[in-house]
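Taking it in order: structure first as structure tokens, then the write-up.
All of the numbers you see were taken from the coordinates with simple rules; none came from a lab. Note that this is a predicted model, so its numbers are computed, not measured. Because the Cβ atoms are built from the backbone with ideal geometry, glycine has one as well, and the counts that use them run over all protein chains shown.
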Amino acid sequence: MITIIKMENLNKIFNENKANQFHALKDINLHIKKNEVILLKGVSGSGKSTLLSILASFMKPTNGLVEVNGEFVAKLPDKHISEFRLNNIGFIFQSFNLFEQLTVEQNIMTSLIPKEYTQDICDKKIDDVLKLINISHKKGQTVSNLSGGEKQRVAIARALVNEPDIILCDEPTAALDYDNSLIFIDIIKQLQDLGKTIVIATHDTIFNDADMNCRVIDIKNGMI
Amino acid sequence: MNNFTFLNFVLLQLYTNKTKHFSIFLISTILIMVLSSFLFITNSISKDMKTIVNNQADFILQTIIAGKVVDTPQDLVDEIISINGVTKVAQRVYGKHFYEPAEHYFTIVGIDLYDKQIVTNLKKFMDKIDIDKFLSKQNMLIGSGVKKFLDEYAYFDYYIFRPPDKSMEKVYIYDTLPNQTDIASSDMIIMDINLAKTILGIDEDHCSDILFNVPNIDERETIKNKIRARNFDIRIIAKEDLLRGYDGFLNYRSSIFMILYLIVIITFILIIYQRYSYINSVDKKEIGVLRSLGWSINRVIKLKIVENLIIFISSYILGVNLAYIFVFIFDAPLLSSVFLGFSNLSNNTSFIPAVDIASLVLIFLFFIVPIIASILIPVWKISITEPTEAMR
């Protein structure tokens, strides 16, 4: 199986050389294979979100190597980082980060705009992803009127619409009730069947009982 | 490149945040309207002044004794006309009349109605007058400002002047001068030259000044010097000097207005800059989310440029159009007095439409460009921060 994510001797230090310096990630070495589901488990402040942010190229590591889908993301200039993110990464946030005043369709469209597709292609892609996530009936609804579970599904649809190989989820069930968390786990399984590589940062115990084909990695004080 | 979805998103953003953008749109429209009105008024006055001065004779000759302007002997007319190259020499009679009830001065202008009028804009109006009927009794033409004050004190048909010799001259109101010449004529009274001399106490063989033309521009300086050499107690004012005088006056008022206006604009720009510098968490998060979805810094900046260009270009178009209506249809109430207060009577001026494209470009450059810059600098700063930081 191909290694899609490679992290070697990765360190992240916040406020380096200042009084409030914080070593968030310490010598991380991690290889993730294509189509793997990784459960990154740890308590709050253990470094899970920082690790995901570096993988998503939201932030650069202080030192070390990060190779995602063949790209050394820490060294890419902004234009290429944005393109890389657009084509390779789908990110699902804990608080969804949707545009509350826009409709489901318009929210998903925000991911497609940089691709500069024609309206017809956009419409088709949106319809397909809404069908996949089973939320087509909410297409025209304003996000602020949706339930937490529905918002989560819209966030997933937005992350998937550009068909990225890698899905990163940061505490995806933290804002969901039990039933919606189970629905989310089902969606993850579905995505794994589609060949996606998924990294989930969580401290939710619901994943312990989930019948998932995944690798669990514990992270503590910035170390795995 | 397919810009449709992008533009659609920009419009969507504008619509969903309409309350946030409306106040900026409103203030911007008002500022552009005031600035445009100011430029429209100065353009219009400048154009009007140039028309008036261009219609004047090439030279005005006045007599100066002991540094004061005094009446000019009429026989100078013959002397000047005898100089080769001089055409259209005419005497002019004018002076001030103090209208006691309202404590205002009116300008009396006496003209020889059978003579070809040297002032062409007056000529156009005077050509419509039935001279025989006008001269059949003591008649006068009055400016709109004069009419307003005479009406206030029930002088609807005539007014009685008290010349310096203590006599009484009853003069009938023949007609009111048209509004478009108002800048010069609001306080003006036009009457027969001899009647004007009586009312103003000017001797029969004198006049206020003499007008003359020199068609050959190259000859003007020579002729001016020739007349000066023969008469030491005179002053000759060229048309160009008058134009410079008007321009200087207008520039003085424009400068004061511009300084005040610039203070307002700079304050507005600072407010906008401040607003975007301390951009609220919702705006900041929005930029962070877009960046996390794969929007490049350039695309985020483009979004904000287009968003703000739509706001400011619409406010520019609206502001300029409102200014046009305000100035040229409603005659710029309040603002006109800033520029037209130089007459001792208020001018009920109808501004002649004069739109200078360069002025409109100037407004665009001096207003919209700095504002867009003041927005983009903070937006750029947020765009280059890490998405996670911006979304916090």
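Details
- Normalised by the number of residues in region B:59-213, the average gap of Cα pairs under 8 Å and 6 or more apart makes the relative contact order 38 percent.
- Chain A: most fluctuating residue of A:VAL43, A:VAL73, A:VAL104 per GNM, C-alpha cutoff 10 Å: A:VAL43
- Contact order normalised by residue count of chain B, Cα under 8 Å, 6+ apart, percent: 29
- Cα-derived Rg to Rh of region A:1-94, Kirkwood definition: 0.96
- Put simply, the amide H of A:PHE91, placed in the peptide plane, has neighbours under 5 Å in A:LEU168, leaving out anything fewer than 5 places away on its chain.
- Taking a straight line from the alpha carbon of A:LYS151, these aspartates and glutamates sit under 18 Å away, with near neighbours fewer than eight places off in the same chain left out: A:GLU100, A:GLU105, A:ASP127, A:ASP128, A:ASP170, A:GLU171, A:ASP177, A:ASP179, A:ASP186, B:GLU286.
- Rounded to whole Hz, the Karplus (6.51, -1.76, 1.60) HN-Hα couplings of region A:184-198, x for glycine and proline: 4, 4, 4, 5, 4, 4, 4, 5, 4, 4, 7, x, 7, 9, 10
- Tail weight of P(r) past 40 Å, computed on alpha-carbon pairs of the protein assembly as shown, percent: 53
- Value in Å of the Kirkwood radius, where region B:59-213 supplies the Cα pairs that are averaged: 16.3
- Neighbourhood net charge (11 Å Cβ-Cβ; Lys/Arg +1, Asp/Glu -1) for A:VAL199: +1
- By the rule of a C-alpha distance below 14 Å, with chain neighbours fewer than 8 residues away ignored, the aspartates and glutamates paired with B:LYS147 are B:ASP157, B:ASP175, B:ASP182, B:ASP187.
- Region B:156-270 shape via C-alpha gyration tensor axes, a/c threshold 1.5: oblate
- C-alpha center-to-center spacing [region B:1-32, region A:62-106] in angstrom: 27
- Neighbourhood charge, 11 Å Cβ-Cβ cut-off, centred on A:LYS138 and excluding it, Lys, Arg +1 and Asp, Glu -1: +1
- Backbone phi angles across region B:236-241, fed through the Karplus curve with coefficients 6.51, -1.76 and 1.60 (θ = phi - 60°), yield HN-Hα couplings of 10, 9, 7, 4, 5, 5 Hz in residue order; Gly and Pro are listed as x.
- When the P(r) of chain B is calculated, the portion above 29 Å amounts to 59% of the C-alpha pairs.
- Radius 15 Å from Cβ of B:LEU243, net charge of other residues (Lys, Arg +1; Asp, Glu -1): 0
- Within a straight-line Cα-Cα reach of under 21 Å, B:LYS47 can be paired with the following lysines, leaving aside sequence neighbours fewer than 8 residues apart in one chain: B:LYS123, B:LYS124, B:LYS239.
- Summary of the geometry: region A:191-208 and region A:28-46, compared by the centres of their Cα atoms, lie 10 Å apart.
- Shown in residue order for region A:54-60 are the 3J(HN,Hα) couplings computed by the Karplus curve 6.51 cos²θ - 1.76 cosθ + 1.60 at θ = phi - 60°: 5, 4, 7, 6, 6, 9, 9 Hz (x for Gly and Pro).
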